[in-house]
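Report on the following structure.
The values are calculated or read from the model by the stated rules, or taken from the named source; none is laboratory data. Computed from a predicted structure; not experimentally measured. Backbone-built Cβ (ideal geometry, glycine too); neighbour counts: all protein chains shown.
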Amino acid sequence: MRADAECHGHAKPLRMISSAADDAPIALDLLPDWRALLGDRAGRLEVEMGSGHGGYALAFAHERPERALVAIEQRLKFADRLRARAEHRGYANLVVLQGDARLLAARLFRAGSLAAVHLHFPDPWWKRRHHRRRLVDDGMARLIFGLLARGGLLDLRSDVERYAAEALDRLEAIGFLNEAGRGRFAERAPDEIPSTREKRYLATGQAVWRVRLRKP
Ligand SMILES: C[S@@+](CC[C@H](N)C(=O)[O-])C[C@H]1O[C@@H](n2cnc3c(N)ncnc32)[C@H](O)[C@@H]1O
């Protein structure tokens, strides 16, 4: 990802960013003003991609009032329902957005600005023709790496060992540090908030594969 200094033809030069030479550039000055929306909490912003029914997002907002979470969910019904519940409970530290996280992420956050990215049980899209819908492909892995601040956390959980192992390989290859040791899955942290789907697995004992990586 590169940022160019200016774009001519505007009264005020815009800073532009593009992920590859042939991508349409994104004007950085048009990113949301998270500080105006969330105050000091914007300094350590976290993002959940694919929040589904929102068990993680709602518990996060309740248990971590000093932090802020942006939950991105592509299904309109899920996103609307989660936003309504967050508003009803008066959570000022949770922003719910509907859309494809792969398209939105680079348009919402500055490079090096995120404290954490959470990806819980992303759909594995087994069929080869569906692979392009996968959340953690090479492009997305690089984008997340670029958006995280130094020391920022990537928290990926999956119920599919092969998917988690492939993602782990890919993420370590682009430079993430694995606190559990290279190629190893993480243990469940005692203070970890479960997602909606994970609560079911915790109840039934079904295995969950955890990838917890840091940007060095
Ligand atoms: C299997 S569900 C898991 C939901 C939740 N994270 C949990 O653990 O309960 C996957 C969710 O990711 C959403 N999703 C899939 N691809 C997405 C994308 N590119 N952008 C945003 N959401 C996405 C789906 O709509 C679905 O709600």
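Does TYR56 fit the bill of being touching a helix residue (DSSP H, G or I) at 6+ places or on another chain (Cβ under 8 Å), more than 16 Å from the ligand (Cβ to nearest atom) and modelled with pLDDT of 95 or more? In short, no. Scanning segment 57-78 finds one or more residues that are free of Cβ contacts under 8 Å to residues at least 12 places away in the same chain, among the basic types (Lys, Arg), surrounded by fewer than 18 Cβ atoms within 10 Å (Cβ to Cβ) and over 17 Å from HIS118 (Cα atoms).
In segment 150-173, the qualifying residues are those that are of a type in the set (A, V, I, L, M) and within 20 Å of VAL47 (Cα to Cα), and the one that is surrounded by the fewest Cβ atoms within 10 Å (Cβ to Cβ) is LEU153.
Here LEU45, LEU82 are screened, and the one residue that is out of contact with any Phe, Trp or Tyr (no Cβ under 9 Å at 6 or more places or on another chain), in the same structural domain as LEU135 (by TED's automatic domain parsing) and surrounded by 22 or more Cβ atoms within 10 Å (Cβ to Cβ) is LEU82.
Among the residues of segment 110-124, are any without any contact (Cβ under 8 Å) to a residue 40 or more places away in the chain, under 27 Å from GLU161 (Cα atoms), in the same structural domain as ARG200 (by TED's automatic domain parsing) and in contact with a Phe, Trp or Tyr (Cβ under 6 Å, 6 or more places away or on another chain)? There is at least one residue in segment 110-124 that is without any contact (Cβ under 8 Å) to a residue 40 or more places away in the chain, under 27 Å from GLU161 (Cα atoms), in the same structural domain as ARG200 (by TED's automatic domain parsing) and in contact with a Phe, Trp or Tyr (Cβ under 6 Å, 6 or more places away or on another chain). Taken as a whole, the structure places LEU143 among residues that are among the aliphatic types (A, V, I, L, M) and crowded, with 18+ Cβ neighbours inside 10 Å. Checking each residue in segment 96-115 for being surrounded by 15 or more Cβ atoms within 10 Å (Cβ to Cβ) and more than 14 Å from the ligand (Cβ to nearest atom) picks out PHE109, ARG110, ALA111, SER113, LEU114, ALA115.
Going through (1) within 8 Å of the ligand (Cβ to nearest atom); (2) modelled with pLDDT of 95 or more one by one, ARG133 falls short only on (2). Going by the structure shown, is ARG197 surrounded by 13 or more Cβ atoms within 10 Å (Cβ to Cβ) and closer than 21 Å to TYR56 by Cα? Considered against the rule, which asks whether it is surrounded by 13 or more Cβ atoms within 10 Å (Cβ to Cβ) and closer than 21 Å to TYR56 by Cα, ARG197 comes out as yes. The residues of segment 125-156 that are over 12 Å from the mean Cα position of the chain (by Cα) and farther than 21 Å from LEU103 by Cβ, listed by number, are TRP126, LYS127, ARG128, ALA149, ARG150, GLY151. Within the set ARG182, ARG212, ARG162, ARG200, the sole residue that is basic (Lys, Arg), in a helix (DSSP H, G or I) and farther than 20 Å from TRP125 by Cα turns out to be ARG200.
So that you can scan it fast, the table gives a plain yes or no per residue for (1) modelled with pLDDT of 95 or more; (2) among the β-branched types (Val, Ile, Thr); (3) in the same structural domain as LEU114 (by TED's automatic domain parsing); (4) closer than 20 Å to PRO124 by Cβ:
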site	(1), (2), (3), (4)
GLY152	yes, no, yes, no
ASN178	yes, no, yes, no
PRO190	no, no, yes, no
THR196	yes, yes, yes, yes
GLY205	yes, no, yes, no
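Taking segment 171-216 as the search range and keeping residues that are acidic (Asp, Glu) and within 16 Å of the ligand (Cβ to nearest atom), which one is farthest from ALA116 (Cα to Cα)?
Looking only at segment 171-216, we keep the residues that are acidic (Asp, Glu), and these are 172, 179, 187, 191-192, 198.
Right, trim to within 16 Å of the ligand (Cβ to nearest atom) and you get 192, 198.
Working: GLU192: 13, GLU198: 19 Å.
This residue is GLU198.
Filtering segment 94-153 to residues that are touching a helix residue (DSSP H, G or I) at 6+ places or on another chain (Cβ under 6 Å) and of a type in the set (Val, Ile, Thr) leaves VAL96, VAL117, VAL136. Apart from one condition, ARG128 fits all of (1) modelled with pLDDT of 95 or more; (2) away from the ligand (no atom under 14 Å from the Cβ); the exception is (1).
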